[in-house]
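This report concerns only the one structure given below.
The values are calculated or read from the model by the stated rules, or taken from the named source; none is laboratory data. No experiment lies behind these values; they were computed from the predicted model shown. Please note: Cβ atoms are built from the backbone with ideal geometry, for glycine as well, and neighbour counts cover all protein chains shown.
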Amino acid sequence: MIAIVKYNAGNIRSVQNALTRLGYASVVTDNPALIQAADKVIFPGVGEASSAMKYISERGLDEVIKQLNQPVLGICLGLQLMCFSSEEGETKCLGIFDNEVQKFRGNALIPQMGWNELTDLKSDLFVDVKQFSDVYFVHSYFANVNENTIATCNYIQTFSAAIQKNNFYATQFHPEKSAGIGEQILLNFLQL
Amino acid sequence: MLKRRIIPCLDIQNGRTVKGINFEEIRDAGDPVELAKKYVKDGADELVFLDITATVEKRKTLLELVEKIAAEINIPFTVGGGINNIEDVTRLIAAGADKVSINSSAVKRPELISEIANQFGSQCVVVAIDTKKVDDTWYVYTHGGRTATELKTIDWARQAVELGAGEILLTSMNNDGTKSGFALDVTREVSNAINVPVIASGGAGRKEDFDTLFQTTKATGGLAASIFHYNEIPITELKTYLKTLKIPIR
């Protein structure tokens, strides 16, 4: 069973729909026992960092997520919450990754909204995914590039499109909304 | 590089896709779920569903249809029509919509934009503006183009962004259904004035219209309906064409 962490962030349903299309059963839950017992955990989300951290901390999910040993995939805000801190609402995050989350600054539309290219791909998350594949992003904040970075993207500057440390994986883009490429990436995670 | 987006729009009436000309003369254009699946396969970058009867007939957007669409497609989609309050938005998001598009209800009560942005984030709020040129000035129209307002389009676009709109979907009523090309002047004016993405809509009739749109305005997306529904310009062919002209396209 795949557990999708439920919290006060938008369209979690689309992640579950994507898993169903790939033939995987999943449960959307904020129950720590169910999350701990799952084969894999997906930590999705679109929303605001400080209120999301508040929600998960109040339910003790912060410690639960940090201590998971099975493969975990953070998506979008999920990636940002797994980092050390976020400029959004001056939020202290889970600290699974030591990356810092900053706001885009520059002469371009913010948020970045739309399809952009993945570069510098490494990790088993990107088996059968070509360099320069387009995936769907919607975000105003980004994680810096460091040793955890397994894919980069360029918008105003180069940032981490995906990061990994041990069993923790995270993507800034939405694989569940990135057509066939996104499905391949989800499948790679599900087959870890 | 961030790509320009090609966005088919499905106008929904009583659960069917329909298409009008200059916002009137509505005719049937097929099953929305089947059309949506075909567009995804063809390489559409996003989809927009507008329940065009919703405001007028005080009918809520069909949640069941949204659920069916969400289950079938793997690209972002926006749902609009008849959204009057945060409860309407919550139901649509729960059914699987990625973004909501609001139009008349935002003109009537602009705070609705902030309410949605505060709860779901700006990326979730598309403010749709139906605009018509009268004596050389572009004005906002509501209720499916039936009601004129005194709002100038440029002023309303700015205000909507200040209130938290994450995107503006700008439809020229003068151009809609005419296949004479997008309204470049108002698209240019609005996309120069605000710092969120503008999707241009109304008037696409030839592949060249998208080229001109992307070469001469800052619009990040081009939206069309009939040319895709009736396969006059297949999306795959349009995207190949734009790529050969070096426009950044997925």
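Of all residues in region B:218-249, those satisfying the criterion of being touching a helix residue (DSSP H, G or I) at 6+ places or on another chain (Cβ under 7 Å), closer than 18 Å to residue A:112 by Cα and crowded, with 20+ Cβ neighbours inside 10 Å are B:219, B:222, B:249. Scanning region A:75-108 for residues that are in contact (Cβ under 8 Å) with a residue 60 or more places away in the chain, in contact with a Gly (Cβ under 6 Å, 6 or more places away or on another chain) and away from every other protein chain (no Cβ under 13 Å) yields A:78, A:82.
Which count do you get for residues in region B:177-190 that are surrounded by fewer than 20 Cβ atoms within 10 Å (Cβ to Cβ) and closer than 25 Å to residue B:122 by Cβ?
So the first thing to find is which residues in region B:177-190 are surrounded by fewer than 20 Cβ atoms within 10 Å (Cβ to Cβ), and the list is B:177-181, B:184-185, B:188-189.
Next, only the ones that are closer than 25 Å to residue B:122 by Cβ stay: B:188-189.
Looking only at that region, the number is 2.
The number of residues in region A:55-77 that are touching a strand residue (DSSP E or B) at 6+ places or on another chain (Cβ under 8 Å), assigned to a helix (DSSP H, G or I) and under 13 Å from residue A:3 (Cβ atoms) comes to 2. Entry remark, region A:100-118: residues being hydrophobic (A, V, I, L, M, F, W, C) and closer than 21 Å to residue A:85 by Cα number 3 in total. With a requirement of 1 or more residues that are crowded, with 20+ Cβ neighbours inside 10 Å, within 14 Å of another protein chain (Cβ to nearest Cβ) and touching a Lys or Arg at 6+ places or on another chain (Cβ under 7 Å), the strands (runs of 3 or more DSSP E) lying completely within region B:57-176 that satisfy it span B:77-80, B:125-134. Of all residues in region A:37-59, those being farther than 16 Å from residue A:96 by Cβ and more than 14 Å from every other protein chain (Cβ to nearest Cβ) number 6. Of the residues in region A:88-108, not one is over 22 Å from residue A:62 (Cβ atoms), surrounded by 14 or more Cβ atoms within 10 Å (Cβ to Cβ) and under 17 Å from the mean Cα position of the chain (by Cα). The residues in region B:1-52 that are under 16 Å from the mean Cα position of the chain (by Cα), modelled with pLDDT of 95 or more and acidic (Asp, Glu) can be counted, and the count is 2.
For region A:1-54, a residue qualifies if it is assigned to a helix (DSSP H, G or I) and of a type in the set (Val, Ile, Thr), and the qualifying residues are A:15, A:20, A:35. Among the candidates A:68, A:121, A:77, A:81, the residue that is surrounded by 23 or more Cβ atoms within 10 Å (Cβ to Cβ) and modelled with pLDDT of 95 or more is uniquely A:81.
Does residue B:112 satisfy being of a type outside the set (D, E, K, R) and over 30 Å from residue A:50 (Cβ atoms)?
The answer is no for residue B:112.
How many of the residues in region A:11-36 are touching a strand residue (DSSP E or B) at 6+ places or on another chain (Cβ under 9 Å), within 13 Å of another protein chain (Cβ to nearest Cβ) and more than 25 Å from residue B:116 (Cα to Cα)? Total meeting the criteria: 2.
For region A:92-108, which residues satisfy the criterion of being within 26 Å of residue B:196 (Cβ to Cβ), among the polar types (S, T, N, Q) and in a loop (DSSP other than H, G, I, E, B)? Residue satisfying the conditions is A:107 alone.
Please verify whether residue B:155 is acidic (Asp, Glu) and either free of Cβ contacts under 8 Å to residues at least 24 places away in the same chain or in contact with a His (Cβ under 9 Å, 6 or more places away or on another chain) (or both), treating the condition exactly as stated. Considered against the rule, which asks whether it is acidic (Asp, Glu) and either free of Cβ contacts under 8 Å to residues at least 24 places away in the same chain or in contact with a His (Cβ under 9 Å, 6 or more places away or on another chain) (or both), residue B:155 comes out as yes.
Filtering region A:109-136 to residues that are under 16 Å from residue B:249 (Cβ atoms), within 17 Å of the chain's Cα centre (by Cα) and either part of a loop (DSSP other than H, G, I, E, B) or facing chain B (nearest Cβ under 9 Å) (or both) leaves A:113, A:114, A:115, A:116, A:117, A:134, A:136.
Per the conditions (1) touching a Leu at 6+ places or on another chain (Cβ under 9 Å); (2) over 18 Å from residue B:170 (Cα atoms); (3) more than 14 Å from chain A (Cβ to nearest Cβ), the sole criterion not satisfied by residue B:240 is (1). Just name the residue that is farthest from the other protein chains (Cβ to nearest Cβ) out of those in region A:153-192 that are assigned to a loop (DSSP other than H, G, I, E, B) and closer than 18 Å to residue B:2 by Cα. For region A:153-192, the residue satisfying everything is A:172. Return yes when residue B:210 is at pLDDT below 95 and within 19 Å of the chain's Cα centre (by Cα) and no when it is not. The answer is no for residue B:210.
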